[in-house]
Amino acid sequence: MLRVAMEIWPQGQRELRENLGTLTIINEGTGSHEVGNYCFVLDRPKRRARRATLTGWPRSRSCWELLAVALDALKIEGVPKKTG
């Protein structure tokens, strides 16, 4: 499982931090040694959780690529689309 937390620290002060949300990437435990299947869950304060799934992800790819795919699958605004 991967967990990405987003916080804002006003004026860089940790004691004033505010949670903006958490993205959890869950390996469903299915697939093979080469490919995996994942569930993405985005929890944000005062909003309904968003969920998406991904099947057949090549395990040789990086966790950062998986994060980008998760954000795209969850339809998060502001994620740049790959061109070309």
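The values are calculated or read from the model by the stated rules, or taken from the named source; none is laboratory data. Remember, it's a predicted structure, so these values are computed and weren't measured experimentally. We place every Cβ from the backbone using ideal geometry, glycine too, and count neighbours over all the protein chains shown.
Overview of results
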item	result
Residue among Glu77, Glu18, Glu34 that alone is at pLDDT 95 or above, acidic (Asp, Glu) and either surrounded by 12 or more Cβ atoms within 10 Å (Cβ to Cβ) or out of contact with any Phe, Trp or Tyr (no Cβ under 9 Å at 6 or more places or on another chain) (or both)	Glu34
Among the residues listed as Leu71, Leu66, Leu42, the single one being touching a residue at least 60 places away in the same chain (Cβ under 8 Å) and either buried (at least 16 other Cβ atoms within 10 Å of the Cβ) or over 12 Å from the mean Cα position of the chain (by Cα) (or both)	Leu66
3 or more residues of a type outside the set (A, V, I, L, M, F, W, C): qualifying strands (runs of 3 or more DSSP E) within the chain	18-31, 35-43, 50-58
